[in-house]
Amino acid sequence: MQGDEVDMQELERMVEYCMQHGANYFDTAYMYVDAKSEIAIGKVLKNYKREDFILADKSPIYKMSSREDVRKIFEEQLKKCQVDHFDFYMAHNINKNTFDIYKQVEMYDELLKLKQEGKFKYLGFSFHGTPDILREVVKDHKWDFAQLQISLDNPN
């Protein structure tokens, strides 16, 4: 990747190397590489059987203004990644600034419905906030997993 572009030849080489060496988990998100990551990984992974790789994606809370947006954007992400389901799906970047949006658009409830429909296997969240917000997120819902950003040089 160079700036806001994806070097497709390099991505193809990297994915091929990973797949040949047993690393088959790929993680993307709506906003990665100026919103081009999902399209790029979808093009490359289309060369492999769906059961041979694990794909994780994340919802862009910052683009949500209603519960309907959760589903609409999710469906858009499936198309961009050229898959019929994700293995792992996350409410992305929950923190002090995004937590209210997450609650207002009832993101958890809509994501749970998508999971029940078989659109993804595991429901989680990626977290970039304070311990107090983390406690509230975990207390209020039943999650399959959490992806925590931990910075050892930041005391917060």
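Rule-based calculations on the coordinates, nothing more; no lab input. What you see is a predicted model, and the numbers here were worked out from it, not measured in a lab. Note that each Cβ is placed from the backbone with ideal geometry, even for glycine, and that neighbours are counted across all protein chains shown.
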query = Hey, if you put +1 on the Cβ of every Lys and Arg and -1 on every Asp and Glu Cβ in the chain, which of F26, M90, Q9 ends up farthest toward the positive end of that dipole?
reply = M90
Relative contact order %, the stretch 20-98, counting alpha carbon pairs below 8 Å whose residues are six or more apart = 35
ask   = When only alpha-carbon atoms count, how far does the stretch 1-81 stretch along each of its three principal axes, as whole angstroms with the largest first?
value = 42, 31, 16
inquiry  = Report, in listed order, any pair from K63/K113; K46/K103; K43/K121; K36/K142 with a Cα-Cα distance greater than 28 Å.
reply    = K46/K103; K36/K142
query = In whole Å, what are the Cα extents of the stretch 1-148 along the three principal axes, biggest one first?
reply = 41, 33, 27
key: Contour excess over end-to-end distance, with Cα ends at E10 and K36 and 0.36 nm allotted per residue   = 7.9 nm
key: Centroid-to-centroid separation of the stretch 23-57 and the stretch 74-131 [C-alpha atoms, Å]   = 16
key: Cross-link partners of K119 among lysines (Cα-Cα below 17 Å; sequence separation of 8 or more within a chain)   = K58, K72, K79, K80
